[in-house]
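J.: Following this message is one structure expressed as structure tokens.
The values are calculated or read from the model by the stated rules, or taken from the named source; none is laboratory data. Computed from a prediction, not measured in an experiment: that's the story for all the values here. All Cβ positions, glycine included, derive from the backbone under ideal geometry; neighbour counts span all protein chains shown.
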């Protein structure tokens with residue numbers, strides 16, 4: 001995918017409030033942008049905007065039908081989108097977040113009907129820019145690694161700009177150190193958590209937290 005425009009580069013450390021305003025505007029306009037998270041740089045967009053999701057699919061050269069990880073600002077807002085019956089599961093999520101841990105959850109009927117899927121992975125990120133942006137939009141935000149399919153996630157800003165500046169409408173970056181490691185991914189649609197991908201947070205730590213609930 002390519003376009004005639006070049007993405008604007010925005011240093012979130014230099015004008016934080018302006019960066020939040022710009023990212024929020026792109027989100028509401030259905031645009032795709034790159035932004036820093038508590039793990040890797042991610043492509044961001046509104047998951048309820050079909051055109052925006054399709055653009056990310058095209059950018060990543062990935063077929064449709066697979067949902068991306070969604071960032072959310074807090075547990076109360078999360079409850080608007082998911083169906084969790086177990087108090088132990090709620091307590092576990094409260095204990096494990098904010099952290100680079102993404103959790104697959106069952107969606108409630110309203111969200112299922114809108115997105116056309118049964119489950120989605122959510123995360124409350126441990127990252128100031130993400131949290132402020134999420135508080136502003138008060139909706140889930142797509143977070144998927146910056147790369148084409150079957151290629152490693154990009155970690156260097158220069159590489160991201162060279163590869164994707166014609167595909168997105170904004171590239172938000174930070175000069176601060178990032179984890180540069182994918183989130184731990186677990187499935188909590190059943191009674192017990194199931195590890196799907198181990199990241200910065202280890203399997204043993206996840207189960208220790210869960211068993212104490």
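J.: Looking only at residues in the stretch 194-213 that are in contact with a helix residue (DSSP H, G or I) (Cβ under 6 Å, 6 or more places away or on another chain) and within 10 Å of residue 92 (Cα to Cα), which one is modelled with the lowest pLDDT?
T.: 213
J.: Assigned to a loop (DSSP other than H, G, I, E, B), surrounded by fewer than 19 Cβ atoms within 10 Å (Cβ to Cβ), free of Cβ contacts under 8 Å to residues at least 60 places away in the same chain and over 17 Å from the mean Cα position of the chain (by Cα): does that describe residue 175?
T.: The answer is no for residue 175.
J.: Further question: When the stretch 59-74 is examined, which residues are found to be free of Cβ contacts under 8 Å to residues at least 60 places away in the same chain and loosely packed, with under 13 Cβ neighbours inside 10 Å?
T.: Residues satisfying the conditions are 63, 64, 65, 66.
J.: Further question on the same structure: Residues in the stretch 135-160 that are in contact with a helix residue (DSSP H, G or I) (Cβ under 8 Å, 6 or more places away or on another chain) and either in a helix (DSSP H, G or I) or without any contact (Cβ under 8 Å) to a residue 40 or more places away in the chain (or both): how many?
T.: Adding up the residues that qualify gives 2.
J.: Only one of 115, 134, 141 is in contact with a strand residue (DSSP E or B) (Cβ under 8 Å, 6 or more places away or on another chain), surrounded by 17 or more Cβ atoms within 10 Å (Cβ to Cβ) and modelled with pLDDT under 95; which?
T.: Selected residue: 115, the only one of 115, 134, 141 that is in contact with a strand residue (DSSP E or B) (Cβ under 8 Å, 6 or more places away or on another chain), surrounded by 17 or more Cβ atoms within 10 Å (Cβ to Cβ) and modelled with pLDDT under 95.
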